[in-house]
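Asker: The structure follows.
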Amino acid sequence: MLILSKLLESPLTLGQEVETSGRFPLVASTWPFLEAVRAAWRAVDSGFSAVDAVVEGCSTCEVLRCDGTVGPGGSPDEKGETTIDALVMDGATMEVGAVAAMRYVKDGIRAARLVMQHTEHTMLVGEQASIFAISMGLAGPTNLSSTESLEKWMKWKKNDCQPNFRKHVLPLDSCGPYHPKGTVDLIRNKCLMANQVETITRRSDHVGIDNHDTISMAVIDKMGHIAVGTSTNGATFKIPGRVGDGPIAGSSSYADNEVGACGATGDGDIMMRFLPCYQVVESMRLGMEPELAAKDAILRIARKYPNFVGAIFAVNKHGVHAGACHGWTFQYSVRSPEMDDVEVFTVLP
């Protein structure tokens, strides 16, 4: 049973699901990303739209490099490069803009909004997403690596590139190139076996709060319109080209003015197979309260992948919010007119 509790930057106190009065605006976000929530709150409380507020909030997290897993300078891939995934969704129009595996541009959430504003597409990827973002006025090209990310990458290389996200493969040396088991010349394999380590690890060994995180934010503005956004630099030591759940509408986040919104974080490779945020919103559409909708979406994943790590917050159109998680303790942040500042709620697995 998941128990909600509230953390006001003080010792943890256990409580029940917290409900707001339904007054707007409201901002909710994964994790105690306090400055990001404050930035979104200042925007929406000043009369800006839900979409504008989401962009301001997520952009703040990118600038601050929240947890080293949002914005530039974190989560190097196997080649040491940092790339950006981001999404913004307007719950009034159901429009979505997203960028995935974007190189050389640090402003992920702003690039995603440009896709929504200035194209008929939903997602742009890779270097072409960067070219588009720069052509629309964003700064770049920029090296998204940092001293910290490169040091992390070098340490990983010295550890024979372990752990990694490969499976059922054998490397020609400790860090590849990799070949499927059984397809490489058997004699050569036998000669190399003494120096080879099969690169199969439990996902829990390399997916966790310290290396696999996302800001997912939902905002209800003064008009009752809802928007969501996400930004992440993805899983640390991911295979180059990997796209997680961050830019996938319905997975990392989802919004519908008629129902509410959802944000998610965790093992995106697993979670995106279930579209948990779409599931949450549709469950609320059918009458489920946010708490039950969030728990149901998490349990659907856990039944298939009992070792997965992930979490969800849900907010209905009245401002009632709740969270659910599996495999770790989850915190999400909320700001509403009834609060003097951002409040952090803790969900226990």
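Asker: Cross-link candidates for K181: which lysines have Cα within less than 18 Å, leaving aside residues fewer than 8 places away along the same chain?
Answerer: Those lysines meeting the cut-off are K167, K190.
Asker: For the stretch 51-176, what is the relative contact order in percent, using Cα pairs closer than 8 Å and at least 6 residues apart in sequence?
Answerer: Reported as a whole number, the value is 23 percent.
Asker: So, with +1 on the Cβ of K and R and -1 on the Cβ of D and E, and no other charges, what is the size of the charge dipole of the chain about its Cα centre, to the nearest 20 debye?
Answerer: Computed about the Cα centre, the dipole is about 1160 debye.
Asker: When only the heavy atoms of the protein chains count and the probe is 1.4 Å, how do Y254, Y104 rank by accessible area, highest first?
Answerer: Ranking Y254, Y104 by accessible area, largest first, yields Y104, Y254.
Asker: Can you put K295, K222, K79, K167 in order of accessible area, largest first, using a 1.4 Å probe?
Answerer: My answer, sorted largest first, is K79, K167, K222, K295.
Asker: Reachable lysines from K317, Cα under 27 Å, same-chain residues fewer than 8 places away excluded?
Answerer: Output for K317: K6, K222, K295.
Asker: Now for a different question. Run the reach check for K157 against lysines, Cα to Cα strictly under 16 Å, same-chain hits fewer than 8 apart removed. What comes back?
Answerer: Output for K157: K79, K238.
Asker: While we're looking at this one, here's another question. By how many nm would the segment from H121 to H179 lengthen if fully extended, with 0.36 nm per residue of separation less the alpha-carbon distance?
Answerer: Taking H121 through H179 to full extension adds about 17.3 nm, to one decimal.
Asker: A follow-up question, please. With Rg and the Kirkwood Rh both taken from Cα atoms, where does Rg over Rh land for the stretch 205-349?
Answerer: My calculation puts Rg/Rh at 0.95.
Asker: Follow-up question, since we're still on this one. Suppose accessible area is computed on protein heavy atoms with a 1.4 Å probe; arrange V281, V243 from highest to lowest.
Answerer: V243, V281
Asker: Step through the residues of the stretch 224-231 one at a time and calculate ³J(HN,Hα) from phi using the Karplus curve (6.51 cos²θ - 1.76 cosθ + 1.60, θ = phi - 60°), rounding each to whole Hz and writing x for Gly and Pro.
Answerer: With coefficients 6.51, -1.76 and 1.60, one gets x, 6, 10, 9, 9, x, 9, 8 Hz.
Asker: List, in order, the whole-Hz ³J(HN,Hα) value for each residue of the stretch 289-295 obtained from phi through the Karplus relation with A = 6.51, B = -1.76, C = 1.60 and θ = phi - 60°; use x for Gly and Pro.
Answerer: 6, x, 4, 5, 5, 5, 4
Asker: Taking H as built 1.01 Å from N, whose amide H comes closer than 5 Å to the amide H of A92, not counting residues under 5 places away?
Answerer: Here the answer is I226, N257, since their amide H atoms fall under 5 Å of that of A92.
Asker: Run the accessible area of the stretch 22-115 with a 1.4 Å probe and give the carbon-and-sulfur part as a rounded percent.
Answerer: Within the stretch 22-115, the accessible surface is 49 percent carbon and sulfur.
Asker: Mind listing the long-range amide H neighbours of W31? Cut-off is under 5 Å, sequence gap 5 or more, other chains count too, H placed in the peptide plane at 1.01 Å from N.
Answerer: Residues meeting the criterion, in which the H sits 1.01 Å from N, are Q331, Y332, S333.
Asker: Same structure, new question: Taking the dipole about the Cα centre of the chain, with the C-beta of Lys and Arg at +1 and of Asp and Glu at -1, give me whichever of V243, S130, Q331 is farthest to the positive side.
Answerer: So the residue furthest toward the plus end is V243.
Asker: Using the Karplus equation 6.51 cos²θ - 1.76 cosθ + 1.60 (θ = phi - 60°), what ³J(HN,Hα) coupling, rounded to whole Hz, does each residue of the stretch 245-253 give in order, writing x for Gly and Pro?
Answerer: 7, x, x, 9, 4, x, 9, 6, 6
Asker: Quote the charge dipole size of the stretch 224-279 about the Cα centre in Debye, to the nearest 20; the model charges only the Cβ of Lys and Arg (+1) and of Asp and Glu (-1).
Answerer: My answer is approximately 220 debye.
Asker: Next up: Among residues other than D77 whose Cβ falls under 9 Å from its Cβ, what is the net charge (Lys/Arg +1, Asp/Glu -1)?
Answerer: +1
Asker: In the chain, if the dipole is taken from +1 on Lys/Arg beta carbons and -1 on Asp/Glu beta carbons about the Cα centre, which of A53, P306, L275 is farthest to the positive end?
Answerer: P306
Asker: Would you mind telling me which residue in M116, M288, M271 has the biggest mean-square fluctuation in a Gaussian network model of the chain, where springs connect alpha carbons within a distance under 10 angstrom?
Answerer: M288
Asker: At 1.4 Å probe radius, can you tell me the per residue accessible area of the chain in Å²?
Answerer: On a per-residue basis, the chain sits at 43 Å².
The values are calculated or read from the model by the stated rules, or taken from the named source; none is laboratory data. Computed from a predicted structure; not experimentally measured. Every residue, glycine among them, receives a Cβ derived from its backbone with ideal geometry; neighbour counts consider all protein chains shown. Heads up: the accessible areas ignore ligands, DNA and RNA and are worked out on the full protein's heavy atoms, side chains in. Shrake-Rupley method; radii C 1.70, N 1.55, O 1.52, S 1.80 Å.
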